[in-house]
1. Among the residues of the stretch 31-49, are any in contact (Cβ under 8 Å) with a residue 12 or more places away in the chain, among the basic types (Lys, Arg) and open to solvent by 70 Å² or more (accessible area, probe 1.4 Å)?
2. Anything in the stretch 57-99 that is surrounded by 13 or more Cβ atoms within 10 Å (Cβ to Cβ), without any contact (Cβ under 8 Å) to a residue 40 or more places away in the chain and assigned to a loop (DSSP other than H, G, I, E, B)? List them, or say none.
3. List, please: which pairs have Cβ atoms under 7 Å, are six or more places apart or on different chains, and start with a residue in the stretch 1-16 that is under 16 Å from Trp104 (Cα atoms) and in contact (Cβ under 8 Å) with a residue 24 or more places away in the chain and end with one that is of a type in the set (Phe, Trp, Tyr) and open to solvent by less than 40 Å² (accessible area, probe 1.4 Å)?
4. Can you name every residue in the stretch 100-114 that is over 17 Å from Ser7 (Cβ atoms) and open to solvent by less than 30 Å² (accessible area, probe 1.4 Å)?
5. Pick out the one residue from Gly16, Gly54, Gly35 that is of a type outside the set (A, V, I, L, M, F, W, C) and outside any loop (DSSP other than H, G, I, E, B).
6. Read through the list (1) under 12 Å from Asn96 (Cα atoms); (2) under 12 Å from the mean Cα position of the chain (by Cα), then give the number of the only condition that Gln39 fails.
7. Looking only at residues that are touching a Gly at 6+ places or on another chain (Cβ under 7 Å) and hydrophobic (A, V, I, L, M, F, W, C) in the stretch 77-94, which one is farthest from Gln3 (Cα to Cα)?
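The values are calculated or read from the model by the stated rules, or taken from the named source; none is laboratory data. Just so it is clear, the structure is predicted and the values come from calculations on it, not from any experiment. Ideal geometry is used to build each Cβ from the backbone, glycine not excepted, and the neighbour counts take in all protein chains shown. What goes into the accessible areas is simple: the full protein's heavy atoms, side chains included, and nothing from ligands, DNA or RNA. Shrake-Rupley method; radii C 1.70, N 1.55, O 1.52, S 1.80 Å.
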Amino acid sequence: QVQLVESGGGLVQPGGSLRLSCAASGRIFRINDMGWYRQVPGKERELVAGITRGGNTNYEDSVKGRFTISRDNAKLTVYLQMTSLKLGDTAVYYCNTVTKSWRWGQGTQVTVSS
């Protein structure tokens, strides 16, 4: 089993920044393409950023130019640098493989509010 632990969320004002981390541990046999997802109550969990094991990235349109996904394969950790945060970025953020093949972690709450 693989465990995912997300951290770094919090309360931030519009225009602020946060850096999320996701640490993976357990029976990991290969480096996977990873993603950051977010979910608000009543809506599906959506993929907002992805990164291949080689470091290629892609982003959902609403976060392009504001969010940056990165990874440290040696540490089995994926990061999400979020800048210019908007009210609409408020959500619980999760990480997982892009195929959602691992058990979800507890997520980390990001609240953007003035």
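1. Taking the stretch 31-49 first, the residues in contact (Cβ under 8 Å) with a residue 12 or more places away in the chain are 31-40, 45-49.
Pick out the ones that are also among the basic types (Lys, Arg) and you get 38, 45.
Checking the rest, the ones that are also open to solvent by 70 Å² or more (accessible area, probe 1.4 Å) come to none.
The answer is no; no qualifying residue exists.
2. Residues satisfying the conditions are Glu60, Arg66.
3. Pairs that qualify, where the first residue is under 16 Å from Trp104 (Cα atoms) and in contact (Cβ under 8 Å) with a residue 24 or more places away in the chain and the partner is of a type in the set (Phe, Trp, Tyr) and open to solvent by less than 40 Å² (accessible area, probe 1.4 Å), are Glu6/Tyr93; Glu6/Tyr94.
4. Matches in the stretch 100-114: Val112 only.
5. Details: Gly16 fails: outside any loop (DSSP other than H, G, I, E, B); Gly54 fails: outside any loop (DSSP other than H, G, I, E, B).
Exactly one of Gly16, Gly54, Gly35 is of a type outside the set (A, V, I, L, M, F, W, C) and outside any loop (DSSP other than H, G, I, E, B), namely Gly35.
6. (1)
7. The first filter runs over the stretch 77-94 and keeps only residues touching a Gly at 6+ places or on another chain (Cβ under 7 Å), leaving 84-85, 92-94.
Applying the additional criterion that residues be hydrophobic (A, V, I, L, M, F, W, C) yields 85, 92.
On the way: Leu85: 28, Val92: 17 Å.
Within the stretch 77-94, the match that is farthest from Gln3 (Cα to Cα) is Leu85.
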